[in-house]
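Written below as structure tokens is the structure these notes are about.
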Amino acid sequence: MNGASGRRGDAVRDERDLVRTLRAAAVQVEGQDLAGGVAHRRRARRTRKRVRVVLAAAAVVAVVAGTAAVVSRMDGRREPVTPSQGVRSVTEVWPRAIVKVPAKNALGLTTEPVTSLSATEVLLAAVSASGKSTVRLEAYDSTTKTTRVLGDVPAPRKEYHLAKIAVSAQYIAWFGGTWNGGKWSDFWIMPRAGGTARRVGEVAANVAAIGIVGDSLVWSPAEGGVYRMPITGGTPARMPRTDGLHLTSWPWAARKVGDKRKMNENRLVNLETGQAVDVPLPRDVSFMRCHPQWCVGVEGRRVIVQRVDGSQRRTLPPELLPWRQDSLIGDRYALFVLRGGTDTVVLYDLSTGTMGRLGPWAKGPGRSSSPSDTPFWDTGTGGGQEFTVVNLAAR
């Protein structure tokens with residue numbers, strides 16, 4: 001990957017040198033005595049035209065080398081190269097992270113990538129054709145190209161569905177509910193290496209997020225607050241000073257403000273250390289969501305990104321649109337839609353500005369409670385036999 005970065009850097013430097021050289025040639029053409037007659041003016045126009053053509057070609061080189069290039073115009077102004085002019089495939093940008101996963105398991109059930117278990121393993125949820133019931137959890141190993149069964153997911157009620165999954169060093173935990181609604185959720189756990197699922201308990205609440213802390217489960221209902229429950233079962237206890245907080249990814253929780261049409265996260269709290277960070281919000285921002293390091297929101301019709309403390313704030317090109325209300329994925333990445341009629345999804349590195357184009361029907365895994373790090377797409381034309389997964393743990 002360092003070699004690829006070096007080649008991109010060399011290409012951008014070569015493009016800049018070319019721009020400077022061609023700009024100097026254009027200035028010389030403009031500075032010549034135009035009283036020499038019509039023939040001279042025609043030659044000058046042809047020279048300027050050739051310069052513009054080569055500059056355009058240089059801009060394309062810059063886009064191929066990276067995704068955040070700037071080209072100089074003949075009048076000295078600088079124009080950004082927009083994503084619509086060409087975004088490389090994510091398979092070229094992060095080749096080490098690409099994994100091919102079977103779209104169906106040995107039982108013929110559709111597999112859904114959930115999140116990474118390691119740099120070489122991806123957690124899968126195998127579901128029925130209707131998608132309304134999850135049957136088992138599996139792990140795909142990119143080194144051996146094999147799938148192993150971790151365990152079945154019981155369905156204690158009619159029309160039961162698995163909602164969100166959390167992974168720790170020792171366990172895989174999840175909660176589920178029913179498709180007909182109602183304030184009811186139950187919690188389950190199994191060893192990370194696989195085994196029999198065990199029910200931890202149930203609550204009369206619409207649970208929104210779950211995490212694993214040592215030998216306890218932590219969770220948040222949709223209305224906020226963070227609760228803790230031993231994995232051996234028992235009565236959930238509300239964690240102190242968590243009023244109005246929503247679990248995002250343990251140990252972090254966020255405070256949300258505003259109505260549903262313009263809800264932002266304006267405070268992050270580390271529930272282990274008590275550390276709290278207030279997020280400076282731009283005046284007209286909507287749907288600001290934050291990792292411990294980065295935030296993504298919408299201001300007007302443009303996507304903005306910033307550090308949690310408000311620094312390094314920048315507005316992204318208008319061709320990049322929000323993928324959904326929460327675009328964050330992994331530890332420093334986000335998914336955006338590339339404007340242009342095809343609804344192409346791109347994976348964007350918030351730290352470097354690098355992005356890669358995902359394939360058609362791209363998805364950000366919805367069953368991971370923490371921001372997943374395995375976006376994927378159908379390698380075929382919908383309903384194919386293979387998924388292409390970006391395992392960011394292996395980038």
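The values are calculated or read from the model by the stated rules, or taken from the named source; none is laboratory data. Because the structure is predicted, anything quoted here is derived from the model rather than measured. Here the Cβ is made from the backbone with ideal geometry for all residues, glycine too, and neighbour counts use every protein chain on show. These accessible areas exclude ligands, DNA and RNA; they are computed on the full protein's heavy atoms, side chains included. Shrake-Rupley method; radii C 1.70, N 1.55, O 1.52, S 1.80 Å.
Picking from Ala222, Ala237, which residue would you name as being free of Cβ contacts under 8 Å to residues at least 12 places away in the same chain and loosely packed, with under 15 Cβ neighbours inside 10 Å?
Selected residue: Ala237, the only one of Ala222, Ala237 that is free of Cβ contacts under 8 Å to residues at least 12 places away in the same chain and loosely packed, with under 15 Cβ neighbours inside 10 Å.
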Quickly run through the stretch 284-321 and pick out the residues that are over 14 Å from Leu350 (Cβ atoms), touching a residue at least 24 places away in the same chain (Cβ under 8 Å) and in contact with a Phe, Trp or Tyr (Cβ under 8 Å, 6 or more places away or on another chain).
Val298
Residues (open to solvent by 70 Å² or more (accessible area, probe 1.4 Å) and either among the β-branched types (Val, Ile, Thr) or more than 22 Å from Ser369 (Cβ to Cβ) (or both)) located in the stretch 315-345:
Thr315, Arg339, Gly341, Thr342, Asp343
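Restricting to the stretch 308-322, and then to whatever is outside any loop (DSSP other than H, G, I, E, B) and modelled with pLDDT of 90 or more, can you tell me which residue is nearest to the chain's Cα centre (by Cα)?
Residue satisfying both the conditions and the ranking: Leu320.
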Only one of Glu159, Glu121 that is under 21 Å from the mean Cα position of the chain (by Cα) and without any contact (Cβ under 8 Å) to a residue 40 or more places away in the chain:
Glu121
So which of Gly176, Gly211 is under 27 Å from the mean Cα position of the chain (by Cα), modelled with pLDDT under 95 and within 23 Å of Val127 (Cα to Cα)?
Gly176
Among Arg302, Arg267, the single one that is in contact with a strand residue (DSSP E or B) (Cβ under 6 Å, 6 or more places away or on another chain), modelled with pLDDT of 95 or more, open to solvent by 50 Å² or more (accessible area, probe 1.4 Å) and more than 23 Å from Thr374 (Cα to Cα) is Arg267
Does the stretch 191-217 hold any residues that are open to solvent by less than 20 Å² (accessible area, probe 1.4 Å) and over 19 Å from Gly234 (Cβ atoms), and which are they?
Ala209
